[in-house]
Amino acid sequence: MTPEPAIARNLHAIQARIHAACEAAHRPRTAVSLVAVSKFHPPESIEAALEAGQRIFGENRVQEAQAKFPTLRDRWPDLHLHIIGSLQTNKALDACRIADTIESLDRPSLSDAIARAGEKLGRLPKLYVQINTGNEPQKSGIPTAEADAFLTQTRARFGNSLVGLMCIPPEDQDPAPHFRYLATLAGNHGLDRLSMGMSADFETAISCGATSVRVGSAIFGTRPPHP
Ligand SMILES: *Cc1c(COP(=O)(O)O)cnc(C)c1O
């Protein structure tokens with residue numbers, strides 16, 4: 001685990017790299033927001049990031065987010081929580097309750113569950129559709145062959161709550177073609193937001209048009225084992 005002063009230092013270093021990547025891509029510094037991925041890290045680490053000015057956080061699991069974030073929100077009401085991990089349909093209602101944004105809308109049954117949750121709550125979080133750009137069998141996300149049809153349906157169903165696309169490229173490949181594919185697909189569907197790039201490849205993602213990058217270990221250090 002990383003001691004807390006290191007978290008503030010890491011955050012500033014990542015922000016500086018984001019700004020440099022924006023400049024290199026001739027994009028405004030404000031074009032890219034940073035989602036600090038705090039999965040498996042304790043609330044004290046998240047507090048250190050909040051004290052350093054970070055406001056957007058990503059968590060993979062709803063239960064873990066429920067355990068950590070309500071207390072933090074009391075102190076920092078302007079924090080934003082993104083659910084970025086694979087979601088079971090029976091967790092959709094809880095996810096819609098706790099999250100400002102769900103980035104991992106990855107299949108029709110989850111779309112149904114989120115629609116039901118939205119009716120019940122009278123509001124929806126912002127949504128990203130996760131695309132399986134490498135069509136990897138073990139990875140979640142809409143396969144590329146089904147992307148156009150799914151995005152058309154999702155837009156019709158959720159309207160402006162659907163804001164963008166998310167992907168996690170295959171580990172063993174150059175991520176740039178995957179990022180460029182995602183950018184083209186978003187453009188074809190009139191979607192403005194692209195969540196792509198992690199600790200290892202966020203600068204490449206920014207050069208390909210990312211509007212938010214999801215960075216975990218480069219901020220919080222190596223993840224402790226699953227809680
Ligand atoms: C864990 C995770 C990240 C952050 O990964 P790092 O390599 O630690 O930056 C980003 N996106 C998703 C979907 C993740 O699960």
_Residue satisfying condition, being surrounded by 13 or more Cβ atoms within 10 Å (Cβ to Cβ), closer than 19 Å to L81 by Cα and either away from the ligand (no atom under 16 Å from the Cβ) or acidic (D, E) (or both), within set V163, V215_ = V163
*asked:* Of everything in the stretch 152-200, what is touching a strand residue (DSSP E or B) at 6+ places or on another chain (Cβ under 8 Å) and of a type in the set (D, E, K, R)? Give them in sequence order.
replied: R155, D192, R193
_G221 over 14 Å from the mean Cα position of the chain (by Cα), within 13 Å of the ligand (Cβ to nearest atom) and not hydroxyl-bearing (S, T, Y)_ = yes
*asked:* I'd like to know if the stretch 41-55 contains one or more residues that are over 22 Å from F220 (Cα atoms), more than 16 Å from the ligand (Cβ to nearest atom) and not in a helix (DSSP H, G or I).
replied: no
*Can you tell me which residue among D174, D148 is among the acidic types (D, E) and touching a residue at least 12 places away in the same chain (Cβ under 8 Å)?*
D148
*If you take the residues in the stretch 77-98 that are part of a loop (DSSP other than H, G, I, E, B) and farther than 25 Å from T133 by Cα, which one is farthest from the ligand (Cβ to nearest atom)?*
P77
*Of (1) away from the ligand (no atom under 16 Å from the Cβ); (2) touching a residue at least 12 places away in the same chain (Cβ under 8 Å); (3) farther than 19 Å from L81 by Cβ, G187 satisfies all except one. Which?*
(2)
*Residue satisfying condition, being small (G, A, S), surrounded by 16 or more Cβ atoms within 10 Å (Cβ to Cβ) and in contact with an Asp or Glu (Cβ under 6 Å, 6 or more places away or on another chain), within set A95, A117, A48*: A48
*Would you check if there is a residue in the stretch 175-189 being within 15 Å of E103 (Cβ to Cβ), touching a Leu at 6+ places or on another chain (Cβ under 6 Å), among the small types (G, A, S) and not in a loop (DSSP other than H, G, I, E, B)?*
yes
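Since every read-out is calculated from the coordinates, none of them should be taken as a lab result. If you're wondering where the values come from, they're calculated on a predicted model, not measured in any experiment. Positions of Cβ are generated from backbone atoms using ideal geometry, with glycine treated the same way; all protein chains shown enter the neighbour counts.
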